[in-house]
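Bear in mind that the values in this text are calculations on the coordinates, not laboratory data. Values in this document were obtained by computation on a predicted structure and should not be read as measured data. FYI the Cβ positions are ideal-geometry reconstructions off the backbone, even for glycines, and counts take in every protein chain you see.
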Amino acid sequence: MLTGDRRKKRLDRSIKVRTEGLYAVSSWGEMVYLIAPRFVLIVGLFTLPLVLDMYWQRVLCSAGIYALLALGFDFLAEFVGLVCLGGAFFVGVGGYISGLLNAYYGWPPLLSIPVASVAGAVISTLILLPCLRLRGIYFAIVSFMFPLFAVYIIVALGVFGSTEGISALATFPNIWIEQYLILVAVILSLFGIRRLVSEDIGVIFQGIKDNDQAVKASGINITAYRTKAVFITALIGCFGGAYLSHLYGWLGLSLFAMDFSIMPIAAAVMGGMGSLVGPVLGAFILTPLSEALRGFGQLRVVLYSLILIGFIVYKPEGLMNYLQRKYHQFELWEKV
Amino acid sequence: MSMLEVSSLMVFYENALAINNVDLRCQKGEITGVFGANSAGKSTLMYTISGIILDIEKKERMRGGERVTVLGSIYYEGADIIFMETSDRAKKGIILCPERRRIFPESSVLENLKIGGILATRAQAKKTLDYVFTMFSPLKGLKKREGGFLSGGEQQMLAIGRALMAQPKLLLLDEPLLGLSPMMEEILVRAIEDINETTGITILISEQYARPILPIIHHGYVLENGVSVLEGTSQELMDNPDVKSAYFGI
């Protein structure tokens, strides 16, 4: 900012200075300061199902899936340095495994969803393993290809219901379980990953992003760590997929739809890359928005793109980074 | 009249003061030196004079990073250029030869020089190219070599050559001796002196390692934590006891 002879001074609030990572709280005011944002997020998300009508409750469920994917994308891109455009692949693999276990072996969702999450994550990680040595744009391209790849294999071999898909899978007993299951999953993954990136392993991930050669030179096998990071992301993504196939009681090629790769990126950009909570909020804003714009027909995509371009051009830091800064710092004019 | 006049310049990186009330003049046709330890604010000064600080400021603002504030004025040939774009400053003849060379690693030596010469007319480019190859004769045999495969000294020669191709009136050299052997230092110092004498280009040179540069400058400044603590001619600086102990170990 360039001004005359005054400049705006920005200072961290004293509590922020003292408590970055270590909570030394000395008054109720500070306690509220720390807890309030987390409280608003959790309570806000959990009260949403109570105030929404039937239609929007469904939208909330799919927003939750996008939130999980956006969270995974942000984690991989900003904390491990892998730009993964394969969100649709995770959803597809998780959804197919869970759906097939239910359709062929009659496993209940209670069992098939966890099994599909873990098995799907293992399979996705193994398939992505040869590409983990790739960096930057190359990994993005390869991971973007896999969902397309899977669609053509399923169609060509005519397996798993081929183009028709398989319908009449077991669904959840009622709408409340549907909603709270995904909301709890979102909150758990959000706070889990938040915790993970500040642990030792998170420091290594960050190092791999910043300078992988230096990490290698420190005697750390970066491929092993990247594998772990991809597994975590795939786990979250596959859970989303498994949940989705039981949400609609149907599995089909649209589980591999491009939407699942692209929407999370849009949500992450809007919410603020690198803040973890930003992409989640972005998903909870963008998904309902795209539903609300459904009335505009094809114009909806245009409006939607305009919002995105606006954010990229005018506010590339995203919503959450901006809000966090405003929350943690105060500003004053200072004469120089 | 002095060619460049920096007056009461202040640069903040967020709340840290990188340059504090610095006044500096470059006389036309002279070599001016800016000396100081690491973190003294030399590079920031170079960025501010060449305008790159405006890019840094914009980039940081967009990404919500630290705020860069620039206050004060920079007069170049009588006009205040403090808010002028880097490219416009380059067109007016302020050319920066950046720290750590920043040559284009995948372009050949000749291509690097030609990229530098985009602002020049065909005749000027040809003349300068000949001049660069006579002055830095090692580059002559490496015309087709990719920039990234040159040694540190050759890269520095190339960086200075590329800056010269842009037809500077005021050449800003940021740490030209960074990481070079004593022999290479001597070659470069002689080249810098030669550029000034034969082409009459005004040079502003910032260097942390002052010993080889001090004898060739006409006027010099010593920065310390962003404050200009000392100024004088080459001889005055060399006779100063503080400079002596800091740079000559006497």
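Some notes on this structure:
- Degrees, to the nearest 10: A:175-196 long Cα axis against longest axis of chain A: 50 degrees
- Packing-based order for A:273-280, A:94-101, using average beta carbon neighbours within 10 Å, highest first: A:94-101, A:273-280
- Remark: the range B:43-49, residue by residue, has Karplus-estimated 3J(HN,Hα) of 5, 4, 4, 5, 4, 5, 5 Hz, where x stands for each Gly or Pro and the curve is 6.51 cos²θ - 1.76 cosθ + 1.60 at θ = phi - 60°.
- Charge sum, other residues only, whose C-beta stays under 10 Å from B:Glu85's C-beta, Lys/Arg counted +1 and Asp/Glu -1: 0
- Student exercise, the range A:6-335 dipole from Lys, Arg, Asp, Glu Cβ charges, in Debye to nearest 20: 1120 debye
- What you get for chain B, charging only the Cβ of Lys and Arg (+1) and of Asp and Glu (-1), is a dipole of about 1080 debye around the Cα centre.
- Mean per-residue shielding of peptide A:319-328 is 1, counting Cβ atoms of other chains within 10 Å of each Cβ.
- Ranked by how many other beta carbons lie within 10 Å on average, peptides A:174-186, A:282-294, A:193-205, A:156-168 from highest: A:282-294, A:174-186, A:193-205, A:156-168
- Dimensionless Rg ratio for the range A:254-336, taking C-alpha atoms and the 2.2 N^0.38 Å reference: 1.33
- Stokes-Einstein D for the range A:59-146, Kirkwood Rh over Cα pairs, 4 °C, 1.567 mPa s (µm²/s): 93 µm²/s
- Ranking B:Ala210, B:Val109, B:Gly161 by how far each Cα lies toward the positive end of the dipole of chain B (charges on Cβ) leaves B:Val109 at the top.
- Mean projected area of the Cα convex hull of the protein assembly as shown, taken over all directions, amounts to 34.2 nm².
- Tensor-based shape of chain B (alpha-carbon gyration tensor, a/c under 1.5 rounded, otherwise prolate or oblate): oblate
- Residues A:Met145, B:Met157, ranked from the fewest to the most other C-beta atoms within 10 Å, line up as A:Met145, B:Met157.
- Cα gyration tensor shape for chain A, rounded if a/c is under 1.5, else prolate or oblate: prolate
- From phi via Karplus (6.51, -1.76, 1.60), per-residue ³J(HN,Hα) for the range B:109-126 in Hz, x at Gly/Pro: 4, 5, 5, 3, 5, 5, 4, x, x, 4, 6, 7, 6, 4, 5, 4, 4, 5
- Inter-chain neighbour count for B:56-68: the average number of beta-carbon atoms from partner chains within 10 Å of each residue's beta-carbon is 3.
- Shielding by partners, peptide B:70-82 (average Cβ within 10 angstrom, other chains): 1
- Radius ratio Rg over Rh of the range B:93-165, counting only Cα atoms, Kirkwood formula for Rh: 0.92
- The Rg/Rh ratio for the range A:173-294, using Cα coordinates for both the radius of gyration and the Kirkwood hydrodynamic radius, is 1.03.
- Test item: Cα-centred dipole of the protein assembly as shown, Lys/Arg +1 and Asp/Glu -1 on Cβ, debye: 900 debye
- Summing charges over all other residues whose Cβ lies under 10 Å from the Cβ of B:Gly117, with Lys and Arg as +1 and Asp and Glu as -1, gives +4.
- Burial ordering of A:Phe39, A:Phe231, fewest other beta-carbon atoms within 10 Å first: A:Phe39, A:Phe231
- Cα-based Rg and Dmax for the range B:126-250, where Dmax is the largest Cα-Cα distance (Å): 15.7, 48
- The residues packed around B:Val132, meaning those with a beta-carbon under 14 Å from its beta-carbon, carry a net charge of +2 if Lys and Arg are +1 and Asp and Glu are -1.
- Positive-end residue, the protein assembly as shown charge dipole about Cα centroid, Cβ charges, pick of A:Ala283, A:Leu148, B:Cys26: A:Leu148
- Cβ-derived FRET efficiency at R0 45 Å, B:Met62 paired with B:Ser108, nearest 0.05: 0.85
- Between A:Leu34 and A:Arg294, the simple label model (points 7 Å from Cα in the Cβ direction) yields a spacing of 4.3 nm.
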